[in-house]
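Colleague: Questions regarding the structure given below will be posed in turn.
The values are calculated or read from the model by the stated rules, or taken from the named source; none is laboratory data. Being a predicted model, the structure only gives us computed values, none of them experimental. In this analysis, Cβ positions are derived from the backbone assuming ideal geometry, glycine residues included, and neighbour counts consider all displayed protein chains. In case anyone asks, the SASA skips ligands and DNA or RNA and just uses the protein heavy atoms, side chains included. Shrake-Rupley method; radii C 1.70, N 1.55, O 1.52, S 1.80 Å.
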Amino acid sequence: MTRVGDKQFEVFITAEELQKEIASLAAHINKEYAGKEVVFIAVLNGAFMFASDLMKNISLDCRISFVKMSSYKGLRSTGTVEELIGLGLDLKGKEVILVEDIVDTGLTIDKIIGLVSEQEPASVKVCTLLYKPTAFKGSKEPDYVGFSIPDAFVVGYGLDYMELGRNLNAIYQIKS
Ligand code: IMP
């Protein structure tokens, strides 16, 4: 058991289980993209640990970049404008894999897929460590999933609770 901020959490997925599943996800990607060059785009902040361990197991020719979603109020409209910051790579004609820590409602990854697709890549797939299928309202299910989990709050291994707990080396679930 561990405390993060004002809440108690218990281990849900151990560090060993994470590493084993990540190696298997990478092996799957290595096989499916054999002979191709891939651009991995990891979504900050949550995916930093997962992306790091995933990439250590990737044997393809690849580039990796880290992006953040940023929202601002449009000047002329009242709507919120979303943009992707930090990409710095040309994606036209490239095989792209988005790397996420968690797909919950799927709305964030939907927006990122939309923004990345504007650059006309050859393909865009999503690799997520965690997926909450019962919460999902997105348009396309993730292509590579480490663990499908119930709709409960988790923390650790990049995921935060009030920006705390990202440093934990396992995934913890909130104690009810
Ligand atoms: P979405 O609902 O799929 O758009 O997910 C939005 C973001 O919420 C994710 O990228 C995470 O940063 C965060 N999130 C969703 N579920 C959890 C959770 O259980 N723990 C920590 N962060 C979460």
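Colleague: Which far-off residues, 5 or more places away or on another chain, put their amide H under 5 Å from the one on C62, with H placed in the peptide plane?
Modeller: Hits under the 5 Å cutoff: V38.
Colleague: Determine the distance separating the Cα centre of the stretch 7-34 from the Cα centre of the stretch 137-171; give it in Å without decimals.
Modeller: Taking the Cα centre of each part, the stretch 7-34 and the stretch 137-171 sit 12 Å apart.
Colleague: Rounded, prolate or oblate for the stretch 8-111? Axes are the square roots of the Cα gyration tensor eigenvalues, ordered a ≥ b ≥ c, and the cut-off for rounded is a/c under 1.5. Display every interim value, and only then the final one.
Modeller: On the way: a/c = 2.72, a/b = 1.31, b/c = 2.07.
Oblate shape, in that a/c is at least 1.5 and b/c is the bigger or equal ratio.
Colleague: Please identify the GluC sites (Glu not before Pro) of the stretch 41-143 that satisfy two criteria: DSSP loop assignment and at most 14 other Cβ atoms within 10 Å. Which are they?
Modeller: Values: sites: E82, E83, E95, E100, E118; in loops: E118.
When the GluC sites (Glu not before Pro) of the stretch 41-143 are filtered for loop state and at most 14 Cβ neighbours within 10 Å, E118 remain.
Colleague: While we're here: Looking at the stretch 1-88, which trypsin sites (Lys or Arg not before Pro) are in a loop (DSSP not H, G, I, E or B) and have at most 13 other Cβ atoms within 10 Å? It would help to have the intermediate numbers written out before the result.
Modeller: Numbers: sites: R3, K7, K20, K31, K36, K56, R63, K68, K73, R76; in loops: K36, R76.
Those that pass, being in a loop and sparsely packed, are K36, R76.
Colleague: Something else now. Kindly point out which whole DSSP H helices in the chain project their C-alpha atoms 20 angstrom or further along the helix axis while averaging a Kyte-Doolittle hydropathy of 0.5 or above. Mind showing how you got there, number by number?
Modeller: On the way: long enough: 15-32 (26 Å, -0.50).
Helices meeting the criterion: none.
Colleague: May I ask for the percentage of alpha-carbon pairs in the chain that lie more than 24 Å from each other? Before the final figure, lay out the partial values.
Modeller: Numbers: 5833 of 15400 pairs.
For the chain, the share of Cα pairs beyond 24 Å comes to 38 percent.
Colleague: Roll a 1.4 Å probe over the protein chains and send me the accessible area per residue for the stretch 22-149 in Å². Kindly include the intermediate steps, with their values, before the conclusion.
Modeller: On the way: 6350 Å² over 128 residues.
Spelled out: the 1.4 Å probe surface of the stretch 22-149, per residue, equals 50 Å².
Colleague: Report in % the part of the accessible area of the chain that belongs to carbon and sulfur, leaving out ligands and nucleic acids; probe 1.4 Å. Can you show the working numbers first?
Modeller: Values: 4650 of 9170 Å².
On the chain, the fraction of accessible area on carbon and sulfur atoms equals 51 percent.
Colleague: OK, next. I want to check a number: in the stretch 22-149, how many lysine pairs have alpha carbons closer than 17 Å, given a sequence separation of 8 or more or different chains?
Modeller: So the count of such lysine pairs works out to 14.
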